[in-house]
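S.K.: The following block contains the structure, expressed as structure tokens.
The numbers here are math on the coordinates, done by the rules we state, and not lab data. All values derive from a computational prediction rather than experimental measurement. Cβ sites come from the backbone with ideal geometry, for glycine too, and all protein chains shown count toward neighbours.
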Amino acid sequence: MLDFRRSNLFSDAERVAFELAEAMTVTPQAVTDDLYARLREVYSEEQMVEMAAVIALENFRSRFNRCFGVEPNGFYGKLGELLESAGL
């Protein structure tokens with residue numbers, strides 16, 4: 001499994017963005033003051049709003065699809081191949 005926190009594939013800014021996505025996805029949400037402060041170090045207010053909106057939309061879409069049994073159309077089946085080809 002890809003561990004974004006330890007991977008050298010991502011910048012510090014990308015890692016904290018992934019951390020925001022993770023914190024917004026768990027129930028209940030876990031966006032802490034510390035995480036918010038670290039986001040503010042690398043992103044503007046506008047960028048943070050846009051990031052949070054995209055994450056929220058993806059969470060909505062994902063949960064909606066699960067409710068109605070919408071399948072991923074084979075996209076996730078290729079994840080293993082992609083990770084393997086990246087040496088992960």
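S.K.: Quick one, what does Rg over Rh come out to for the chain if you take C-alpha atoms and the Kirkwood Rh?
M.R.: 1.01
S.K.: Sum -39500 (n - 2.57) across every DSSP H segment of at least 4 residues in the chain, then divide by the residue count to get the 222 nm mean residue ellipticity, nearest 500.
M.R.: -19500 deg cm²/dmol
S.K.: Moving to a separate point now. Among Tyr36, Tyr43, what is the fewest-to-most ranking by other Cβ atoms within 10 Å?
M.R.: Sorted ascending by nearby Cβ count, the order is Tyr36, Tyr43.
S.K.: Next question. Once label points are set 7 Å from the Cα along Cα→Cβ at both Ser62 and Leu35, what is their separation, rounded to one decimal in nm?
M.R.: 1.2
S.K.: Given a 10 angstrom Cα cut-off, can you work out which residue in Val49, Val16, Val31 is the most mobile in a GNM of the chain?
M.R.: Val49
S.K.: At a threshold of 8 angstrom on Cα-Cα distance, excluding pairs fewer than six apart, so keeping six or more, what relative contact order does the chain reach in percent?
M.R.: So the answer I get is 28 percent.
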